[in-house]
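This report concerns only the one structure given below.
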Amino acid sequence: MVLGIEASHANKPDRTGVEEYCFQIIQEFKKIIPADVRVVLYSNEPLRNGLEIMPGNWEAKVLRWPLKKLWSQTRLAWELLFHPPDVFFAPGQLIPFITPRRTIAMIHDSAFVACQEAYRFWSRQYLRFMNWLIIRKSIRLLTSSSFNKIELEKFYGRSATEKTAVIPLGFDRKRFHSGVALESAALAKNFGVTKPFIMTTGRLEAKKNTRRLIEAFDIIKKQHDIQLVLVGKPGYGYEAAQAALEQSPYKKDIIVPGYVEQHDLPWLVASARVFVFPSAYEGFGIPVLEAMACGTPTIASRVGPLPEVAGAAARYFDPADVADLVRAATALLEDDNERARLRSLGFERVALFSWEKTAAATWGVIVKVLWS
């Protein structure tokens, strides 16, 4: 039996949510897929960051393509047409137009349908086509939350959800854990942090609600001498956030370090007074788990799967209401007992999530298809 896996998303150097899932699921598969199953990883560049270290029954196929675009719809499609695996797994919400009958694909969210203003026009059209293709061609679908499954039925009908399994995501326990806080203060200063601070991670864009977080900080700052740290690269709609930053009377206390390297990020998260996840739309919310695992009290927007993920271990606010965000953040900044309560609940909550569990459940779905 041959299992083929699209690995180009996992092979990205600066991984965020989708890429992190793709990387972690492959790494966990290496521990549990038996030796009698041959696994082929398809990528457009040589594998790196540990992906290249593989068991004996695994192999990498680097499918070269001279252009920056259309690799999956040309070179990968060609490979799958002439050398099809028994099952093809697409973890990055992308499949070629030509794909094996037994294809399993992950759908991370439907944001480009539900939150159209947060995407460029042509990006939105491409993503719409891709989801249509995935739902039409895949024998099984995976998604990370019950919210996502409900969205799939809303936008694509019951036929999509009938073949969809909900498998929650995990987080990197080796990097994000309670012991991180012991060494975090010194590193925070390397990023220009000199005061207590609140922070967020993720792309700085309209979908992540970055502008409203800056507006909320301007109000909080009047009562608390703190800083705001915005970790992530600019995304679509960043111009509004940038304008809010430039107009802020406290812009000297708003720190934008860009993408923070993976070995540094846990230390920064652990030193935050409050972690804020203000997203207007999410498919899961890995950063919420990462923050709680570090013992950082967390507030999150009351949207999509975030209450499903964090449960009672976070405080929630309306992402469209700046005043509500201010109330939630202020409550944690001023109440040490509440901070301690959420810290304790956070440790309990994250014990329910791991990449090992995600991989085991995903492999269970693949096994049924492999031997069907």
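The values are calculated or read from the model by the stated rules, or taken from the named source; none is laboratory data. As the structure is a computational prediction, the values presented were derived from the model and not from experiment. In this analysis, Cβ positions are derived from the backbone assuming ideal geometry, glycine residues included, and neighbour counts consider all displayed protein chains.
So for the stretch 263-277 (the condition being in a strand (DSSP E or B) and not hydrophobic (A, V, I, L, M, F, W, C)), does at least one residue qualify? Reasoning before the result, please.
As a first pass, look at the stretch 263-277 and keep what is in a strand (DSSP E or B): 274-277.
If we keep only those that are not hydrophobic (A, V, I, L, M, F, W, C) as well, we get none.
No.
The set of residues from the stretch 230-251 being modelled with pLDDT under 90 and hydroxyl-bearing (S, T, Y) comprises Y236, Y238. Could you tell me which residue of the stretch 1-34 is farthest from W71 (Cα to Cα), considering only residues that are modelled with pLDDT under 95 and surrounded by fewer than 17 Cβ atoms within 10 Å (Cβ to Cβ)? Once the filter is applied, the top-ranked residue is M1.
Being in contact with a strand residue (DSSP E or B) (Cβ under 6 Å, 6 or more places away or on another chain) and either over 24 Å from R343 (Cβ atoms) or at pLDDT below 90 (or both) is the requirement here; does D264 meet it? Spelling it out, it is not the case that D264 is in contact with a strand residue (DSSP E or B) (Cβ under 6 Å, 6 or more places away or on another chain) and either over 24 Å from R343 (Cβ atoms) or at pLDDT below 90 (or both). The residues of the stretch 39-75 that are more than 22 Å from the chain's Cα centre (by Cα) and touching a residue at least 40 places away in the same chain (Cβ under 8 Å), listed by number, are V40, A60, W71.
Can you pull out the residues in the stretch 95-136 that are of a type in the set (D, E, K, R), modelled with pLDDT of 90 or more and either touching a Gly at 6+ places or on another chain (Cβ under 6 Å) or over 20 Å from C22 (Cα atoms) (or both)?
If we filter the stretch 95-136 for residues that are of a type in the set (D, E, K, R), which is where we start, we get 101-102, 109, 117, 120, 124, 128, 136.
Still in the list and also modelled with pLDDT of 90 or more: 101-102, 136.
Passing the criteria: R101, R136.
Evaluating R211 against the criteria (1) part of a loop (DSSP other than H, G, I, E, B); (2) more than 19 Å from the chain's Cα centre (by Cα); (3) not acidic (D, E) leaves one unmet condition, (1).
For residues that are of a type in the set (S, T, Y) and in contact (Cβ under 8 Å) with a residue 24 or more places away in the chain, scanning just the stretch 335-361, find the one that is surrounded by the fewest Cβ atoms within 10 Å (Cβ to Cβ). Applying the filter and picking the extreme gives S354. Of the residues making up the stretch 40-56, just one is touching a Pro at 6+ places or on another chain (Cβ under 8 Å) and surrounded by 16 or more Cβ atoms within 10 Å (Cβ to Cβ), namely V40. Among the residues of the stretch 339-354, are any modelled with pLDDT of 95 or more, of a type in the set (F, W, Y) and within 25 Å of T210 (Cβ to Cβ)? Looking through the stretch 339-354, none of the residues is modelled with pLDDT of 95 or more, of a type in the set (F, W, Y) and within 25 Å of T210 (Cβ to Cβ).
Could you list, in sequence order, the residues of the stretch 317-331 that are more than 13 Å from Q223 (Cβ to Cβ) and buried (at least 16 other Cβ atoms within 10 Å of the Cβ)? Within the stretch 317-331, F317, P319, V322, D324, L325, A328 qualify. Of the candidates V87, V18, the single residue that is under 29 Å from R136 (Cβ atoms), among the hydrophobic types (A, V, I, L, M, F, W, C) and more than 23 Å from the chain's Cα centre (by Cα) is V87.
For the stretch 218-255, name all the residues that are among the β-branched types (V, I, T) and within 20 Å of the chain's Cα centre (by Cα).
Taking the stretch 218-255 first, the residues among the β-branched types (V, I, T) are 219-220, 226, 229, 231, 254-255.
V229, V231, listed by residue number.
For the stretch 287-322, the tally of residues that are of a type outside the set (V, I, T) and in a strand (DSSP E or B) stands at 5. Checked against (1) surrounded by 21 or more Cβ atoms within 10 Å (Cβ to Cβ); (2) free of Cβ contacts under 8 Å to residues at least 60 places away in the same chain; (3) in contact with a helix residue (DSSP H, G or I) (Cβ under 9 Å, 6 or more places away or on another chain), S145 passes all but condition (2).
Cβ-Cβ contacts under 8 Å between residues 6 or more apart (or on different chains), taken from a first residue in the stretch 9-28 that is outside the structural domain of A105 (by TED's automatic domain parsing) and over 20 Å from E59 (Cα atoms) to a second residue that is among the charged types (D, E, K, R) and buried (at least 22 other Cβ atoms within 10 Å of the Cβ), are absent. The residues of the stretch 243-280 that are among the aromatic types (F, W, Y) and either surrounded by 24 or more Cβ atoms within 10 Å (Cβ to Cβ) or at positive phi (or both), listed by number, are F275, F277.
What number of residues within the stretch 53-91 are small (G, A, S) and assigned to a strand (DSSP E or B)? Steps first, please.
Residues of the stretch 53-91 that are small (G, A, S), as a first pass: 56, 60, 72, 77, 90.
Restricting the remaining residues to those that are assigned to a strand (DSSP E or B) gives 60, 90.
Adding up the residues that qualify gives 2.
Would you confirm whether any residue within the stretch 100-116 is among the small types (G, A, S), under 25 Å from G364 (Cα atoms) and either outside the structural domain of P266 (by TED's automatic domain parsing) or touching a residue at least 24 places away in the same chain (Cβ under 8 Å) (or both)? Looking for residues that are among the small types (G, A, S), under 25 Å from G364 (Cα atoms) and either outside the structural domain of P266 (by TED's automatic domain parsing) or touching a residue at least 24 places away in the same chain (Cβ under 8 Å) (or both), one finds at least one in the stretch 100-116, hence yes.
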